[in-house]
1. Taking into account only those residues within segment 189-203 that are polar (S, T, N, Q) and surrounded by fewer than 18 Cβ atoms within 10 Å (Cβ to Cβ), which is nearest to the chain's Cα centre (by Cα)?
2. If I go through segment 40-73 residue by residue, how many of them are of a type in the set (Lys, Arg) and either within 20 Å of Asn105 (Cα to Cα) or surrounded by 14 or more Cβ atoms within 10 Å (Cβ to Cβ) (or both)?
3. Condition first: part of a loop (DSSP other than H, G, I, E, B), of a type in the set (S, T, N, Q) and either within 25 Å of Lys64 (Cβ to Cβ) or touching a Lys or Arg at 6+ places or on another chain (Cβ under 8 Å) (or both). Now tell me which residues in segment 94-149 satisfy that.
4. Name every residue in segment 156-215 that is among the β-branched types (Val, Ile, Thr) and in a helix (DSSP H, G or I), in order of residue number.
5. Just need a number here: residues in segment 89-137 that are of a type in the set (Val, Ile, Thr), in contact with a Leu (Cβ under 8 Å, 6 or more places away or on another chain) and over 17 Å from Ala155 (Cα atoms).
6. Is it the case, given these coordinates, that Val144 is surrounded by fewer than 19 Cβ atoms within 10 Å (Cβ to Cβ), modelled with pLDDT of 95 or more and within 26 Å of Gly80 (Cβ to Cβ)?
7. Being touching a Gly at 6+ places or on another chain (Cβ under 8 Å), among the polar types (S, T, N, Q) and under 23 Å from Arg120 (Cβ atoms) is the filter here; which residues of segment 167-214 pass it?
8. Given (1) surrounded by fewer than 20 Cβ atoms within 10 Å (Cβ to Cβ); (2) out of contact with any Ser or Thr (no Cβ under 8 Å at 6 or more places or on another chain); (3) of a type outside the set (A, V, I, L, M), identify the lone condition not met by Lys159.
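The values are calculated or read from the model by the stated rules, or taken from the named source; none is laboratory data. Quick caveat: nothing in here was measured; it's all calculated off a predicted structure. Here the Cβ is made from the backbone with ideal geometry for all residues, glycine too, and neighbour counts use every protein chain on show.
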Amino acid sequence: MVKRRVTSFLVPCKVEDFNDGDTFPETPKFSGELPESFGKVNSLALFKASNNHFISEFPQWIGKITSLEYLELSNNQFTGSIPQSIGEPTSLTYLSISNNKLVGNVPLSLSSCTRLSVIRLRGNGFNRTIPEGLFGLRSKEIDVSHNGLLGSVPAGSEKLIVLNLRNSALYGSVPADIYDSGNLEVLQLDGNSLKGSIPDEIRNCTSLYLLRMLVSYVFVRIVSVLVEAKQAQNPETGV
């Protein structure tokens, strides 16, 4: 069995002041910048610093932690763009940097992280196209909603369980293979400029329970197809 070395640090950040007498706050909030020395820890697998007040450009040294498997930096105030080096930790399985102030591209290098199961980038200011390779991963959840993403929706993955593209600037039609998945449970496409017909493949989405689209008559068509699919599964009960 391989033993992992646990390394401890004194992080030069400050905890926000509080005035609760002798009681500690339920959730301390760290602020300042994440120390660059973290990038020298070649054994770090899990890095979680969400729900704090970190205010700086996105740490450029993150990609140096090649052992990283889990990265959670959501709900801070990181700015700037994500470096292409974010794709260097190829063992990365979980990435969440939602609700920051990031802009620019969703790095193409993430397509190299073939183990990525969860990708959460919602609530930033990404304003380029979605990399083609991102949907080609075996991810189960992709959430890039509430950004300014442009262009068309890339071809989908049959492994997807959750796909959230709400409130961006996507246009064109949705690839048929996104609808052709028995694993898909959540599909949110509203708040874009998408158009086109809904293919019959959506009857294969037998696990789908949350669907958001803007045009009501399209929704009625989808519901009728899904009901037909459910009835085909249970011909005796019809439910």
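1. As a first pass, look at segment 189-203 and keep what is polar (S, T, N, Q): 192-193, 197.
Narrowing the set further to residues that are surrounded by fewer than 18 Cβ atoms within 10 Å (Cβ to Cβ) leaves 193, 197.
Details: Ser193: 21, Ser197: 26 Å.
Checking each candidate, the answer is Ser193.
2. Start the filter on segment 40-73 by keeping residues that are of a type in the set (Lys, Arg), which leaves 40, 48, 64.
Now narrow it down to the ones that are either within 20 Å of Asn105 (Cα to Cα) or surrounded by 14 or more Cβ atoms within 10 Å (Cβ to Cβ) (or both): 64.
So the count comes out to 1.
3. Residues of segment 94-149 that are part of a loop (DSSP other than H, G, I, E, B), as a first pass: 97-100, 105-107, 113-117, 121-124, 127-128, 130-131, 137-140, 144-149.
Applying the additional criterion that residues be of a type in the set (S, T, N, Q) yields 98-100, 105, 114, 117, 124, 127, 139, 145, 147.
Across segment 94-149, the qualifying residues are Ser98, Asn99, Asn100, Asn105, Thr114, Ser117, Asn124, Ser139, Ser145, Asn147.
4. Residues of segment 156-215 among the β-branched types (Val, Ile, Thr): 161-162, 174, 178, 186, 198, 202, 206, 215.
Within segment 156-215, Ile178, Ile202 meet the criteria.
5. First, pick out the residues of segment 89-137 that are of a type in the set (Val, Ile, Thr): 90, 93, 97, 103, 106, 114, 118-119, 129-130.
The next check asks that each one be in contact with a Leu (Cβ under 8 Å, 6 or more places away or on another chain); those that pass are 93, 97, 106, 114, 118-119, 129-130.
Still in the running and over 17 Å from Ala155 (Cα atoms): 93, 97, 118.
Qualifying residue count, segment 89-137: 3.
6. Details: surrounded by fewer than 19 Cβ atoms within 10 Å (Cβ to Cβ): no; modelled with pLDDT of 95 or more: yes; within 26 Å of Gly80 (Cβ to Cβ): yes.
So Val144 does not fit the description; no.
7. Asn167, Ser168, Ser181, Ser207
8. (2)
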